[in-house]
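Chemist: Below is a structure I'd like to ask you about.
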Amino acid sequence: MLLQRHTPSLRPLTTAHLAQTMTLLELTTAELRQRIEAELSSNPALELIEETRCPGCGRILSERKLCPLCSQPKFTTSEEPIVFLSSREDFFTHDRALTSEEDNSEDDYTSSSEELPAYVLRQIAPELNPDERVIAAHILTSLNEDGLLTITPAEIARYHFIPSYKVEKIIRLIQRAEPLGVGSQTPQEALLVQLEVLGETRPVPALAPLAIREGFDLLSRRRYIELGRLLNISSTQAREIACFIGDNLNPYPARMHWGENISSHPTGSNLPHVYYSPDIIISRLNDKQDTPLIVEIALPIRGTLRINPLFREAIQQAPEGKMEQWKADMEHASLLVKCIQQRNHTIVRMMQRLVVFQRQFILYGDEYLLPITRAALADELELHEATISRAVSDKAVQIPNGHIIPLARFFDRSLHIRTTLKKLIEHETLPLSDADLATMLAKEGYPVARRTVAKYRAMEGILPAHLRLRPQSL
DNA sequence: CTATGGCACGGATT
DNA sequence: AATCCGTGCCATAG
């Protein structure tokens, strides 16, 4: 509340200003960082002044303030989240790992808006010649959100007029990059690749590949008896194989990327465990029930950006021909600085409200997510809905349990219903039909159509009732 | 006959 | 204006 009032009013001055604020808003912090670095090296009017660390905790802050955490925490109520801009290590580790490695010789295809394709490409780029990189980029941008390939190698081959074995060769390379199995066409294929790589460092069940290849649908239906028959082993052994697969492999390579399981990184992997760097980190101040939440919003760069005062003075005596240019640079720089401030301001305000509203969700999980639309939030904050949309898009948030989730999940309209549905099915004694589940959900206060239950089930990867035996296993 | 998945329509959301 | 989502209707599998 107070924060907002005291912030100097950042009124949009020109349409250019407005337009740029908009575009900056939808950038990820990492993307914005690149953008600023580029500007910094090309524009002499822009200057980066040394970082200001909080004397208390060492966090790097936007302004010469004491970090809100260290300035005498007098917070007693959970109503007030502590929101501030900071740039601690977590915000940087990720892309340092990437940028330090290879050059970034303006390959236009690496600047895709998604991080996953770029991430993978960086890993394999050294092994490819320029032509192959184009193919690889094509493949990587054709992945769905699970990290599976949505088109066939033949299509790519045809598009580039090359034999398809070349495409397949590149795909094989991609599959062996992190996340393992990415770029496969089917879940099976992904599993097989993972199995293969895993097998190089430690023993794996000999029959596992066969189980995946031949008995994949039995596997996913948990039909262990039939699976056992197929493989000529007992159902117990079949179950063991299934467990191994479930514990160590992931049919949707990209999903691991979004947090969920921090525990299951393959042993011996020297790759960073944080795949997507968060734009925002939410943590709790203490372990008490009513602990205030701490929201740290990533600054795109360390230190503070400003117009170089020397440049400002020098402009008076600019050489004849340069005057125009210098003035333009000044304009440009100050615009950028203002826009970044505005971007931060918007995100701060948004998170401030959002964290209060979704507190239960942040602390206790999916089940407590309250449905809210971007439009409603925009209304409360007196911002345009498009603004919120942009601010939300592509951002990642780290929540107190360590998972990194897309900010968009805060606006998921049905997550809470889906999780209660999952619970219902987990606790069921005998398989319930979709219709049954629909009535049960209605009793819980979620009136949804039978057809919708089916869809939620599918989203959660739960099988239909008649394929669901329910003895044990986790 | 019942339980599900597919297709497609309309309204909400972005 | 484009997209997403819940739902109803219908075909199909069990």
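Chemist: What is the stretch A:127-251 by shape, rounded, prolate or oblate, if you read a ≥ b ≥ c off the alpha carbon gyration tensor as root eigenvalues and call it rounded for a/c under 1.5, prolate for a/b larger than b/c, and oblate otherwise?
Modeler: prolate
Chemist: I've got another one for you. Please rank A:306, A:349, fewest neighbouring Cβ atoms within 10 Å first, as an exposure proxy.
Modeler: A:306, A:349
Chemist: What list do you get for A:354, A:430 if you sort them by fewest beta carbons within 10 Å?
Modeler: On the way: A:354 27, A:430 8.
Exposure proxy ranking, most exposed first: A:430, A:354.
Chemist: Next up: Mean separation of Cα pairs under 8 Å and 6+ residues apart, divided by the residue count of the stretch A:136-227: what relative contact order is that in percent?
Modeler: It comes to 20 percent, rounded to a whole number.
Chemist: Please arrange A:31, A:331, A:79 by counting, for each residue, the other beta carbons lying within 10 Å of its beta carbon, fewest first.
Modeler: Ordered from fewest to most neighbouring Cβ atoms within 10 Å, A:31, A:331, A:79 come out as A:79, A:331, A:31.
Chemist: What is the set of long-range amide H partners of residue A:82 at a cut-off below 5 Å, with H atoms built 1.01 Å from backbone N?
Modeler: Result for residue A:82 returns A:293, A:294, A:295.
Chemist: Work out, in µm²/s and without decimals, the Stokes-Einstein translational diffusion coefficient of the stretch A:114-171 at 10 °C, 1.306 mPa s, Rh from Kirkwood over C-alpha pairs.
Modeler: Stokes-Einstein gives a translational diffusion coefficient of 138 µm²/s.
Chemist: Given Cβ point charges of +1 (Lys, Arg) and -1 (Asp, Glu) and nothing else, what value in debye, to the nearest 20, does the dipole of the stretch A:351-474 about its Cα centre take?
Modeler: 280 debye
Chemist: What distance in nm separates the two pseudo spin-label positions at residue A:19 and residue A:302, each 7 Å out from Cα along the beta-carbon direction?
Modeler: Inter-label distance under the simple model: 3.5 nm.
Chemist: Taking 25 Å as R0, compute the FRET efficiency from the Cβ-Cβ separation of residue A:40 and residue A:385 and round it to 0.05.
Modeler: Computed FRET efficiency for residue A:40 and residue A:385: 0.15.
Chemist: Quick one: putting +1 on the C-beta of Lys and Arg, -1 on the C-beta of Asp and Glu, what dipole do you get for the stretch A:357-429 around its Cα centre, in Debye to the nearest 20?
Modeler: It works out to roughly 160 debye.
Chemist: Could you tell me the distance between the Cα centroids of the stretch A:132-185 and the stretch A:318-379, to the nearest Å?
Modeler: With the stretch A:132-185 and the stretch A:318-379 each reduced to a Cα centre, they are spaced 36 Å.
Every number here is computed from the coordinates shown, using simple stated rules; none is lab data. All values reported here derive from a predicted model rather than from experimental measurement. Reconstructed Cβ throughout: ideal geometry from the backbone, glycine too, with neighbour counts over all protein chains shown.
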